[in-house]
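Asks: Provided herewith is a single structure, encoded as structure tokens, for subsequent inquiry.
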Ligand SMILES: C[S@@+](CC[C@H](N)C(=O)[O-])C[C@H]1O[C@@H](n2cnc3c(N)ncnc32)[C@H](O)[C@@H]1O
């Protein structure tokens, strides 16, 4: 509810534009008219409804029943039909039999999952032959830093096996909120992400790393041309991967 009402997710701007997507994912997936799209970890559905508004038939999955309830409410209010399913993303195939042209996930998702092997296998199961999986995520180098210190300190391994535990005031979407966030996350190296998808039988079509992030989720980022950059930019903040399932799969 805090995120639903936050400036970050700007409900009224979304109601007008019906598009919360950034240029990375829009450029990568292009025209989605008539395609069926599975959105993993869809939160309260703004991006899912954006794809639906662009003409895709969308199913969103999230583990939070509050997020799924809000997504259904938003879908009804904006009269943009989409299906929302509440489940652990790793158990998607127990809940959904349909196969998809596109599986999509973005910004702040895989860090909640300790092991990417079952995640990649589920993606392969849910894609049609010839279907594509696209992800755009915060870069694992960016997660090596503890941003609770000023300046940020390099504290975590690039491919840390143990969970990273952090407690901080507010939340990424409402930094001034009077709540305490307590999070356990996992930092996944690019090789871990890629190898899990390769081991699931998928073919990597494209990988890219970018300095500019659509979100200022790290402190003291500078905005230039609509994207946020770290001061003394020495590493990328975003990566994107496009994967295809073979036509014989
Ligand atoms: C940071 S949000 C995703 C943000 C999304 N890009 C957006 O802006 O709406 C991460 C989401 O992952 C969901 N999540 C975390 N672990 C999950 C799991 N194991 N299965 C399904 N959803 C999960 C959370 O409930 C949350 O809605």
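The numbers here are math on the coordinates, done by the rules we state, and not lab data. All values reported here derive from a predicted model rather than from experimental measurement. Cβ coordinates were reconstructed from backbone atoms using ideal geometry, including for glycine residues, and neighbour counts include every protein chain displayed.
Asks: Based only on other Cβ atoms within 10 Å, what is the fewest-to-most ordering of 12, 93?
Replies: 12, 93
Asks: Continuing with the same structure: Could you pull the Cα extents of the chain along its three principal axes, largest to smallest, in whole Å?
Replies: For the chain, the Cα spread along each principal axis is 49, 41, 34 Å.
Asks: Using a ≥ b ≥ c from the Cα gyration tensor of the stretch 23-137 (square roots of the eigenvalues), is it rounded, prolate or oblate, where a/c under 1.5 gives rounded and otherwise the larger of a/b and b/c decides, a/b for prolate?
Replies: Rounded shape, in that the Cα axes give a/c under 1.5.
Asks: Can you tell me how much longer the chain between residue 224 and residue 248 gets when fully stretched, taken as 0.36 nm per residue apart minus their C-alpha distance, in nm with one decimal?
Replies: Separation in residues times 0.36 nm, less the Cα-Cα distance, equals 4.2 nm.
Asks: Can you give the extra length, in nm with one decimal, that the chain gains between residue 168 and residue 13 once fully stretched, where that is 0.36 nm per residue apart less the Cα-Cα distance?
Replies: Net length gain for the segment: 53.0 nm.
Asks: Could you compute the FRET efficiency for residue 203 and residue 159, with r as their C-beta to C-beta distance and R0 at 30 Å, rounded to 0.05?
Replies: Step by step, r from the Cβ atoms, then E = 0.85.
Asks: Oh, and also: Return one quarter of the surface area of the convex hull spanned by the alpha-carbon atoms of the stretch 94-229, equal to its mean projected area, in nm².
Replies: That works out to 9.9 nm², a quarter of the Cα hull's surface.
Asks: Rounded to the nearest 0.05, what FRET efficiency do residue 182 and residue 36 give with R0 = 35 Å and r taken as the Cβ-Cβ distance? Could you check?
Replies: Efficiency computed from Cβ-Cβ geometry: 0.45.
Asks: Taking only Cα atoms and a 10 Å spring cutoff, compute GNM fluctuations for the chain and point out the largest among 140, 118, 151.
Replies: It is 151.
Asks: Right, next: For the chain, set up a Gaussian network in which alpha carbons nearer than 10 Å are linked by springs, and say which option among 14, 133, 100 fluctuates the most.
Replies: 14
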